[in-house]
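The structure appears right after this line, and notes come after that.
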Amino acid sequence: MSQRTERRGIHVDQSDLLCKKGCGYYGNAAWQGLCSKCWREEYQRVRQKQIQDDWALAEKLQREEEAAYASVHGAQALSHSQPAASQPHTGHASLGAFSKFEEKKTNEKTRKVTTVKKFFSPSSRTASKKETQEGKTPSPSISRHASFDTEQVSKDFVDFLKNLQKPGREIHKQCRAFIVNMSSKKDLGADELSECVQDFYQNLADRLMSHFKGSSESVEQVMDQVEKYIMTRLYKSVFCPETTDDEKKDLATQNRIRALHWVTIEMLCVSMDEEIPEVSENVVKAITDVIEMDSKRVPRDKLACITRCSKHIFSAIRITKNEPASADDFLPALIYIVLKANPPRLQSNIQYITRFCNPSRLMTGEDGYYFTNLCCAAAFIEKLDAQSLNLSPEEFERYMSGQASPRLNNSEGEWPHSGSAVGVTPTNPVLAQLNHNLEMLSGLSSRQESLMEAAQSLQADLIAWPKNVQREVNDILEKYPLEIMSRTVSAIDANNMDNDQLPPPLTPQVFAG
């Protein structure tokens, strides 16, 4: 590791965020690097080519069937001129061969023609379903009791349209009809549902543009309300549909982020110092915003969460560097925030915004820029490797498997092994707290060992003390034995005149006054 003294970091050119066709709008990884406008054009071109190929194949099968039918009839006409004995056998063999050929071609033709009809007339298929359900029960999305949020959004939408008077009533009518129509297309794929929604946005925006006489600001206001109303009503049926693998991608992304829990802010070369209280506060807010994205229903509201998260990141970088943050600083910081937050259903939310958001928001503006960077961050996390983190492949594998845990970099910019960073104060508050706790535990362990040794010594002393005292008492008794002398006690009041030891009696004395 000594030879790796400089960090490559994570860098992306701003040109990589733009559409690959050079239209100047922001691209998207879900659209193969194209913007929504170029992607729709490319999608429609490919779909039209597929339709033409299906029609050509259907016509080819039709001609082959007609030729086969004509050849069989010619064989039957020739069979009538042959002897009657051989006629049944030959006719049966010809008809049997033709029946198998006809069945095979008919099935192939039916499959291809059905595919063509699905592209050309999707409404006819859904109309038949609507006719079969008519007179029975209304659409489940209409008959079920709407939630409080849905009712509130519907009420706000109606109040907003009242200011538009007649155009407002027409817009409300078209939106309700579109929701009913979408409710009958639950068997469509996610791309087809997205195409329907985007077509509705485009057609309605064109009508509004002619009504407002080119006032794009007024059109955007109406389209924002239309998107909020429609996507709130359709959210449960179009978010993470069963026809996609969005849920599988969500689980893979979450497991990937969990496996990268050891990645530190220094490994990503992020210009943020979380020891600064204001920076730490902005980091917490950014994590909260990106997690909150999953709780929103409207694509515009999800984009707003991404925008707030990004602005908190820029603020944290600006406070740390004491200068405006650059785009090169932003992407590694966003990757770090995503790794710390591990947002729920990240891939599903990205796909939902991509499919059903007003395309003008994703193509230009700060919302489009921040969303494009989030898509890049998710792609980088999936491909994050040892080279991206300036680690050796062996170290990367040990960290991923949990066999080792990286320490903070030393003054030379390397990642020392365990035990070589003693006394180094980490800049990450989580790691600082962890190291502090480990040091406290180590000190407590040493103190506990000393206390146990002292307690054991005291216990041994207490056990030996009675024996020592008894031994000392015995030694003293042996050295100085106790002798008890007998003595006679004389009574003071006894009538013993021979006792010379008594004092003379007191003689009264008189004093002259």
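Things worth noting here:
- Rg(Cα) / (2.2 N^0.38 Å) computed for region 204-261, rounded to two decimals: 1.81
- In terms of packing, defined here as the mean over residues of other Cβ atoms within 10 angstrom, the peptides 474-480, 246-252 line up highest first as 246-252, 474-480.
- Cα-Cα pairs of region 251-329 separated by more than 16 Å (percent): 60
- Rounded to the nearest 20, the Cβ-based charge dipole of region 273-418 about its Cα centre (Lys and Arg +1, Asp and Glu -1) stands at 900 debye.
- Panel values: region 290-369, Kirkwood radius from alpha carbon pairs, Stokes-Einstein at 10 °C and 1.306 mPa s, translational diffusion coefficient 119 µm²/s.
- Computed about its Cα centre, the charge dipole of region 142-204 is approximately 400 debye, with only Lys, Arg, Asp and Glu carrying charge at their Cβ.
- Relative packing of peptides 169-175, 368-374 - highest average C-beta neighbours within 10 Å first: 368-374, 169-175
- Listed pairs K285/K321; K186/K228; K162/K228; K248/K321; K60/K185; K228/K383 exceeding 28 Å between Cα atoms: K248/K321; K60/K185; K228/K383
- Its Cα gyration tensor gives region 171-268 an equivalent ellipsoid; the semi-axes, largest first and in whole Å, are 36, 21, 10.
- Solvent-accessible surface (1.4 angstrom probe) belonging to H312, in square angstrom, nearest 10: 40
The values are calculated or read from the model by the stated rules, or taken from the named source; none is laboratory data. Just so you know, these numbers come straight off a predicted model, no measurement behind them. Cβ: placed from backbone, ideal geometry, glycine included. Neighbour counts: every protein chain shown. Ligands, DNA and RNA are stripped out before the accessible areas are found, and what is left, the full protein with its side chains, is counted by its heavy atoms. Shrake-Rupley method; radii C 1.70, N 1.55, O 1.52, S 1.80 Å.
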